[in-house]
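Report on the structure given below.
The values are calculated or read from the model by the stated rules, or taken from the named source; none is laboratory data. Being a predicted model, the structure only gives us computed values, none of them experimental. Cβ placement follows ideal geometry from the backbone for every residue including glycine, while neighbour counts extend to all protein chains displayed. SASA here: full protein model, heavy atoms, side chains in, ligands and nucleic acids out. Shrake-Rupley method; radii C 1.70, N 1.55, O 1.52, S 1.80 Å.
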Amino acid sequence: MEQEIFFKYFTGALSPQEETDLLAWIEASDANRNEYLRHRKVWDMYLLNRTPEEPSVSFAQILAKHNRKLMKNTISRTSKPVIWTRELIKIAAIFIFAFGIAWYFRSNREQVTDLSYNTIEVPSGQRVKLTLPDGSLVWLNAQTKLTYPAVFDKHTRVVMLDGEGLFEITHNPSHPFKVQTPRHEVTVTGTTFDVYAYSNSNSFETILIEGSVAVTDMQQPGKIYPLRPSCKLFYNEKTGQMEMQQVNTNDYTSWKDGIYFFNDITFAEMAKRLGHYYKTAITINDSTVLNYRCTGKFRQHESITDIMDVVKSDMPFKYKYDKDTNELVIEKK
């Protein structure tokens, strides 16, 4: 199979017929599948390491660069016993190419076997854009982990999300797409939506931009919540109930362009989100600031202390930040 066919597939440039032909070729033999997986790994590593300023390149150039790195690392390993190279430590996001982790889906009632899975983990201050095996696009926010099969099976398309992702799903009514989070499952056939569900909290949101989705509470399988465009379904931690409201979807999707936009939300909610994005333990010892309303835009590459310095200029609090433990404490001014 020509290398550029894979490149066009990963970038969503294949026609529907070309995509059908490629998927059939992948499933035709183990050798074909392994060739696809090799190219997929190179492509994902390229996405995770490229900078926003880097110009577009051909897939042949990407492969050549990858092969040069392999040769360089091989030479380095033969010259001295280095376990972790500086280049590996500097990788902004972690790509784990794992085989045989069907147990990861066992609790979610999906009978998935004999598949290989990729896991992408995004660190603080970063975001990643991926093309999934079916051509669907997904943007992953900071401190997010996504697990997905290298090739979707013939019955359903299932991914596991811990964090926040914005999905543009390729339409296929006979092959539904499911996003499984620690507690909820979002089912679609072709649509654009955002899911916010970090496993270290009870927070859950789904914002529908276009199309239609249905959310199932995994602890109450009979409870299904259909959404309309421009609606947000969220778990209200105070009432313990799922609630829905009309929203401006732009308020919830700017992060994919590198901007954190907070539009008239409480300081408590903003602190919680920042804690997720920067993997920072934020403690608020001044209850008077909890319900302050906050509106502002921040660049994703800004540090959490940069953001707090801006916020505290309009609010009566001070903070202490411990860089070693990544803990931030809000106190009375």
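Couple of notes before you dig in:
- Just one of the numbered conditions (1) outside any loop (DSSP other than H, G, I, E, B); (2) under 30 Å from G125 (Cβ atoms); (3) in contact (Cβ under 8 Å) with a residue 24 or more places away in the chain is not true of V179: (3).
- Here G240 qualifies as without any contact (Cβ under 8 Å) to a residue 12 or more places away in the chain and open to solvent by less than 40 Å² (accessible area, probe 1.4 Å).
- Complete set of residues in the range 185-223 that are modelled with pLDDT of 90 or more and among the hydrophobic types (A, V, I, L, M, F, W, C): V186, V188, F193, V195, A197, F204, I207, L208, I209, V213, A214, V215
- The listed residue being in contact with a His (Cβ under 6 Å, 6 or more places away or on another chain), open to solvent by less than 10 Å² (accessible area, probe 1.4 Å) and part of a strand (DSSP E or B), out of V195, V215: V215
- Applying the condition of being farther than 14 Å from D194 by Cα and hydrophobic (A, V, I, L, M, F, W, C) to the range 121-141 and asking which residue is surrounded by the fewest Cβ atoms within 10 Å (Cβ to Cβ) yields L130.
- Residues being aliphatic (A, V, I, L, M), within 16 Å of V186 (Cα to Cα) and either open to solvent by 30 Å² or more (accessible area, probe 1.4 Å) or touching a residue at least 24 places away in the same chain (Cβ under 8 Å) (or both) are entirely absent from the range 251-265.
- Among the conditions (1) on the phi < 0 side of the Ramachandran plot; (2) buried (at least 19 other Cβ atoms within 10 Å of the Cβ); (3) within 9 Å of the chain's Cα centre (by Cα), G163 misses just one, which is (1).
- Of all residues in the range 198-212 being part of a strand (DSSP E or B) and either out of contact with any Pro (no Cβ under 8 Å at 6 or more places or on another chain) or among the hydroxyl-bearing types (S, T, Y) (or both), the one that is nearest to D251 (Cα to Cα): I207
- Per this entry, T187 is not counted among residues that are among the polar types (S, T, N, Q), assigned to a strand (DSSP E or B) and open to solvent by less than 20 Å² (accessible area, probe 1.4 Å).
- Check on Y319, open to solvent by 60 Å² or more (accessible area, probe 1.4 Å), closer than 14 Å to M270 by Cβ, aromatic (F, W, Y) and touching a helix residue (DSSP H, G or I) at 6+ places or on another chain (Cβ under 7 Å): no
- Any hit, the range 270-279, residues being open to solvent by 30 Å² or more (accessible area, probe 1.4 Å), outside any helix (DSSP H, G or I) and touching a residue at least 24 places away in the same chain (Cβ under 8 Å): yes
- Residue within the range 107-119 that is under 24 Å from R183 (Cβ atoms), within 12 Å of the chain's Cα centre (by Cα) and at pLDDT 85 or above present: yes
- Of the residues making up the range 280-295, those that are in a strand (DSSP E or B) and either closer than 11 Å to L328 by Cα or open to solvent by less than 20 Å² (accessible area, probe 1.4 Å) (or both) are A281, I282, T283, I284, C294.
- Residue match in the range 210-228 (condition: within 17 Å of K272 (Cβ to Cβ) and of a type outside the set (D, E, K, R)): no
- Unmet criterion (only one of (1) in a loop (DSSP other than H, G, I, E, B); (2) over 15 Å from the mean Cα position of the chain (by Cα); (3) not polar (S, T, N, Q)) for D251: (1)
- Residue in the range 302-321 that is among the charged types (D, E, K, R), part of a helix (DSSP H, G or I) and within 18 Å of R127 (Cα to Cα) present: no
- Residue in the range 32-45 that is in contact with a Lys or Arg (Cβ under 8 Å, 6 or more places away or on another chain) and either open to solvent by 40 Å² or more (accessible area, probe 1.4 Å) or at pLDDT below 75 (or both) present: no
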